[in-house]
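A.B. asks: Attaching a single structure in structure tokens format; questions to follow.
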Amino acid sequence: MPKGSPELTQARREEIINACEKIYQTKSFKELTLKDIGSATSFTRTSIYNYFQTKEEIFLALLQREYELWIASLQKAMAAAETMTKDEFAAMLARSLAERAQLLKIMSMNHYDMETGSRPEHLAAFKVAYGEALRTVQTGLDKYFPAMPAAQKQDFIYTFFPFMFGIYPYTYVTEKQRAAMEQAGVDYVFMSIYQITYNCARALLGC
């Protein structure tokens, strides 16, 4: 890590992550390179290696930030409501993820590559955010459904979070994919992020 104030270090990291996020709007994970990211920052490309050694580490940091934003959204919604019905809790989760399409996109397409291509300290920092997301949803279940059996709450957590990996590819389908499904005789019913998340959460809550 380069010498400098913690504020400068964090500012440089954020600039790199922001550059990656911007380029990711027009290039896929496979197409995007460290050279692309370096050309979009205010410092030299080689300086990126002082903060991140691979593009996987940059994407993992972007995913970590997306988790942190999602956590903040959940916490804000739960702080504003003393009680929620199962329908209302499912709707709250659905709204929070509908606002975080980028979170769902990154996790569904590149998650394994990002984790295997990152150094342990970067992976551990990401896991802190991931763990906090698990605890935040658990807190909501404990707050609004105190009578729900602990086993059902655990089932909710360990079904809902893996389910999240499939939300983006199911709700964002290209024309080529649509055409292929029609040619194969596969029925496809479009569902939004909100709809598919709401339906899943309600089912897991036993609605």
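The values are calculated or read from the model by the stated rules, or taken from the named source; none is laboratory data. These figures come from a predicted structure and were not determined experimentally. Please note: Cβ atoms are built from the backbone with ideal geometry, for glycine as well, and neighbour counts cover all protein chains shown.
A.B. asks: Return the pairs, sorted by first residue and then second, in which the second residue is of a type in the set (Val, Ile, Thr), the first residue lies in segment 128-140 and is touching a residue at least 40 places away in the same chain (Cβ under 8 Å), the beta carbons are less than 7 Å apart, and the residues are 6+ apart or on different chains.
C.D. replies: If the second residue must be of a type in the set (Val, Ile, Thr), the pairs left are 132/71; 133/71; 136/71; 137/157.
Condition check ((1) of a type outside the set (A, V, I, L, M, F, W, C); (2) closer than 30 Å to residue 71 by Cα) across all residues:
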{"site": "156", "(1), (2)": "no, yes"}
{"site": "163", "(1), (2)": "no, yes"}
{"site": "183", "(1), (2)": "yes, no"}
{"site": "186", "(1), (2)": "no, no"}
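A.B. asks: Take residue 73 and decide whether it is of a type in the set (Ser, Thr, Tyr), outside any helix (DSSP H, G or I) and over 11 Å from the mean Cα position of the chain (by Cα).
C.D. replies: So residue 73 fails the test.
A.B. asks: Next question, about the same structure. Among the residues of segment 153-195, which ones are part of a helix (DSSP H, G or I), surrounded by 12 or more Cβ atoms within 10 Å (Cβ to Cβ), without any contact (Cβ under 8 Å) to a residue 40 or more places away in the chain and not hydroxyl-bearing (Ser, Thr, Tyr)?
C.D. replies: 153, 154, 157, 161, 163, 177, 178, 180, 181
A.B. asks: Only residues that are farther than 13 Å from residue 165 by Cβ and either within 11 Å of the chain's Cα centre (by Cα) or outside any helix (DSSP H, G or I) (or both): list them for segment 99-123, please.
C.D. replies: Of everything in segment 99-123, those that are farther than 13 Å from residue 165 by Cβ and either within 11 Å of the chain's Cα centre (by Cα) or outside any helix (DSSP H, G or I) (or both) turn out to be 99, 100, 101, 102, 117, 118, 119.
A.B. asks: Please work out if residue 86 is within 15 Å of the chain's Cα centre (by Cα) and surrounded by 15 or more Cβ atoms within 10 Å (Cβ to Cβ).
C.D. replies: no
A.B. asks: Are there any pairs with C-beta distances below 8 angstrom linking a residue in segment 8-22 that is within 17 Å of residue 106 (Cβ to Cβ) and touching a residue at least 40 places away in the same chain (Cβ under 8 Å) to a residue that is part of a helix (DSSP H, G or I) and not aliphatic (A, V, I, L, M), with the two at least 6 apart or on different chains, and if so which?
C.D. replies: If the second residue must be part of a helix (DSSP H, G or I) and not aliphatic (A, V, I, L, M), the pairs left are 17/65; 20/55; 20/59; 21/102.
A.B. asks: So which residues in segment 26-64 are closer than 17 Å to residue 109 by Cα and in a helix (DSSP H, G or I), if there are any at all?
C.D. replies: 55, 56, 57, 58, 59, 60, 61, 62, 63, 64
A.B. asks: With respect to residue 71, determine if the residue is outside the structural domain of residue 191 (by TED's automatic domain parsing) and of a type outside the set (S, T, N, Q).
C.D. replies: no
A.B. asks: With buried (at least 17 other Cβ atoms within 10 Å of the Cβ), over 21 Å from the mean Cα position of the chain (by Cα) and in contact (Cβ under 8 Å) with a residue 24 or more places away in the chain as the only criterion, which of 48, 58 stands out?
C.D. replies: Selected residue: 48, the only one of 48, 58 that is buried (at least 17 other Cβ atoms within 10 Å of the Cβ), over 21 Å from the mean Cα position of the chain (by Cα) and in contact (Cβ under 8 Å) with a residue 24 or more places away in the chain.
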